[in-house]
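Report on the following structure.
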Amino acid sequence: MSISNIWVVLEPTAGGFTTTSLELLTHARTFGGSVAGITWGDGASHAAQAGEYGASTLHDAGNLNGALPGAPVAAAIAALVASAGAPDAILIPTSYDGRDIAGRLSARLDRTLLTNVTGISDNGGLETEHPVFGGTQIVKAKFTSDGPGIIVVRAKSFVAESSGGAAATVSALPSADSGATGSAKIIATHVEEREGPKLEEAAVVVSGGRGLGEAGSYQLISEIAKLLNGAAGASRAIVDAGWVPYSHQVGQTGKTVKPTVYIACGISGATQHMVGMKGSKNIVAINKDPDAPIFQIADFGIVGDVHKVLPALIEALKARN
Amino acid sequence: MNIVVCVKQIPDPAAPQSLESSTHNLNRSGKLILDEADTYGVEMALQLVDKAGTGEVTVVSMGSSSDLAGVRNALAMGAAKAIIVSDDSLRGSDALSTAKVLAAAIRRVNPDLVLAATESSDGYTGTTPVQIAELLGLPSITFAKSVNVDGSLVTVNRQTEAGYDEVTSPLPALVTVTAGVVEPRYASFKGIMAAKSKPVEILTVADLGLDGQVGASGAGQSIVAVEAAEARESGEVVVDDGDGADKIVAFLDSIKVL
């Protein structure tokens, strides 16, 4: 079975598709077959970008009128499968809405899905890679049932590159009634302000964990991030504890980062966390426990108290500026 | 207000984990505990039922019935009863099979609200709750930072990339909660004693009418290989003697970040 037809779910934002969407589109091109995008909102305004990254057609589910995308977009994709036939694969970004779409589509089509995927190849059929146990092992998996193969891919698994293609042809998705399942509506949107570069894009990420001891100490992390023109991140433990917003979380459930340098402060290195930052070019760790797992992957480690090392680091960096 | 909370008993994440060599299933031979991620849903459900002044919390789980300490923990926290679907044929189930089983079990309770964690801490597929919602024909709101029920409407602050959205849905509905949505209570001694006599219904696949549709035989995927990832070499680790900060600056210099 050759992989000749791939659909990619492209998540729209005001400034274009999400980076993960473009990464998937770029990778879908490498199979050499037909690549189509699936989006919602206002497809026409994104047709140029979809084409630039390799989609010849952009299927548009249209205005969702405030509904959460999961149910209506899955219903529209299922309707397209019914009318146009199933593609070999449907690639979906690992994101809040992406996981909703994937889960609903899987149940609608009665097809399994593969999640947390970081690699996709054609090895006598689709073969996917999944990091497990904090990324120490890679599981390779295949679909054993008929397609489409629904694949949910983690951010930064591939590098987004323009193909220089012409704008995609926009095609309205068949209307599909998602009934009661589509009745969850967004009534207000709140944006949490943050300064400096975005966590996923920063060349320097400084993250804090439980070792900071208290919420107030996170200020040290923010200050070092600012001095290094980087972004401040966090482990799940302190996000769960309510010290910092979820949007700062790095790890399995949070963001995947691959900065030039990742500075882990008071983070022990739970598998949850490691899978989100293990791809960093350099890793610096500061932890008072010499046996903390984070030291096993750190390029440079300081066994010490973050409450002493971080204030000193702030002074040293200020002296340099 | 009747609420079902989907829970999972998992191998203790603090203990070393492995895959079984022949089946590639997660090795579950050790002691199982209630997934900490599920304790938030149990607590949320107990608070919502308390606030409504009527109804009860039912926990629903799929897995072994020989070690139910984790489920008993949810009952000790205050859930009224448990339904466990346990069947050897369910080993190696994929997320969709699991969702079919849990959906069929939930249907017997006919709840106003279904709560689940955003993902389990062992398999972290993260799609089972939404698959359940689709199978039950329910709306769903995932990644809840807060949950409020007012009459027949649930309102959720839902995590987004940039902050959060306020989302509403009519009941019945399914909501997945993030860790930290509430502070889970510890089971009291009284609760632990009471849990011993709370009803735990154990069902098989046949009881649910799902023979031949679920389990490893119904899984549309298989693991073809497990390989060691490229190891990351650990570098220099030094004990801070008051010069730790300077050494970090020197390292940042060496990689040209400064």
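No lab work stands behind these numbers, since they all come straight from the coordinates. Keep in mind that what you see is a predicted model, and the values were worked out from it rather than measured. Glycine also receives a Cβ, built like all others from the backbone with ideal geometry; neighbour counts cover every protein chain displayed.
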Kyte-Doolittle mean at least 0.0, axial Cα span of 18 Å or more - DSSP H helices of chain A: A:70-84, A:306-320
Just for the protein assembly as shown, what percent of DSSP beta bridges are antiparallel, to the closest 5? 35
Of all DSSP beta bridges in the stretch B:2-218, antiparallel share, percent nearest 5: 40
Mean separation of Cα contacts under 8 Å (6+ apart) over length of chain B, as relative contact order %: 23
Which values of log₁₀ I(q)/I(0), to two decimal places, follow from the Debye formula for the protein assembly as shown at q = 0.07, 0.08 Å⁻¹ with a uniform point scatterer at every Cα? -0.41, -0.54
Can you list the residues of the stretch A:1-36 with backbone N under 19 Å from a point 7 Å past the Cα of A:S83, pointing along Cα to Cβ? A:6-10, A:35-36
Sequence-separation-based contact order of chain A, relative, with Cα cut under 8 Å and 6+ spacing, percent: 15
Please state the shape class of chain A: rounded when a/c is under 1.5, otherwise prolate if a/b exceeds b/c and oblate if not, all from the C-alpha gyration tensor. prolate
Taking R0 as 41 Å and r as the Cβ-Cβ distance between B:A52 and B:A206, the FRET efficiency 1/(1 + (r/R0)^6), rounded to the nearest 0.05, comes to 0.75
Given a 10 angstrom Cα cut-off, can you work out which residue in B:V57, B:V154, B:V237 is the most mobile in a GNM of chain B? B:V237
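Which of rounded, prolate, oblate describes the stretch A:261-301, given a ≥ b ≥ c as roots of the alpha-carbon gyration tensor eigenvalues and a/c under 1.5 marking rounded, otherwise prolate only if a/b is larger than b/c? Spell out each step's value before the answer.
Details: a/c = 1.80, a/b = 1.20, b/c = 1.50.
Oblate shape, in that a/c is at least 1.5 and b/c is the bigger or equal ratio.
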Residue separation between A:S56 and A:N321 times 0.36 nm, minus their alpha-carbon distance, gives in nm 90.5 nm
Mind telling me which of B:D35, B:D87, B:D150 comes out most flexible in a GNM of chain B, alpha-carbon contacts under 10 Å? B:D150
Under a plain spin-label model, where a point goes 7 Å from the Cα along Cα-to-Cβ, how far apart in nm are A:A48 and B:D246? 5.5
Using a 10 angstrom cutoff on alpha carbons, build the Gaussian network for chain B and name the most mobile of B:E161, B:E43, B:E233. B:E233
Cα-based Rg of the stretch A:56-128 normalised by 2.2 N^0.38 Å, two decimals: 1.15
Of the cross-linked pairs A:K288/B:K256; B:K31/B:K145; A:K198/A:K278; A:K226/A:K258; B:K8/B:K190; A:K156/B:K145, which ones have a Cα-Cα span greater than 28 Å in the structure shown? B:K31/B:K145
Straight distance only, please: which aspartates and glutamates reach the Cα of A:K142 with their own Cα at less than 12 Å, same-chain residues fewer than 8 apart left out? A:D122, A:E127, A:E129
What FRET efficiency would be calculated for the residue pair B:E236, A:H190, taking the C-beta separation as r and a Förster radius of 60 Å, to the nearest 0.05? 0.85
Lys/Arg +1, Asp/Glu -1 at C-beta; the stretch B:149-203 dipole; positive extreme among B:Y164, B:F189, B:T178: B:F189
Under the rule of -39500 (n - 2.57) per DSSP H run of 4 or more residues, summed and divided by the residues of chain A, what mean residue ellipticity at 222 nm is obtained, to the nearest 500 deg cm²/dmol? -7500 deg cm²/dmol
To the nearest 0.05, what FRET efficiency results for A:E161 and A:T13 with a Förster distance of 30 Å applied to their C-beta separation? 0.95
Only helices at least 30 Å long along their axis, Cα-based, and averaging 0.5 or more on Kyte-Doolittle count here, so list those DSSP H runs from chain B. none
For n ≥ 4 DSSP H runs only, could you compute -39500 (n - 2.57) per run for chain B, divide by its residues and tell me the 222 nm figure to the nearest 500? -7500 deg cm²/dmol
Cα shape, the stretch B:2-218, gyration tensor, a/c 1.5 rule: rounded
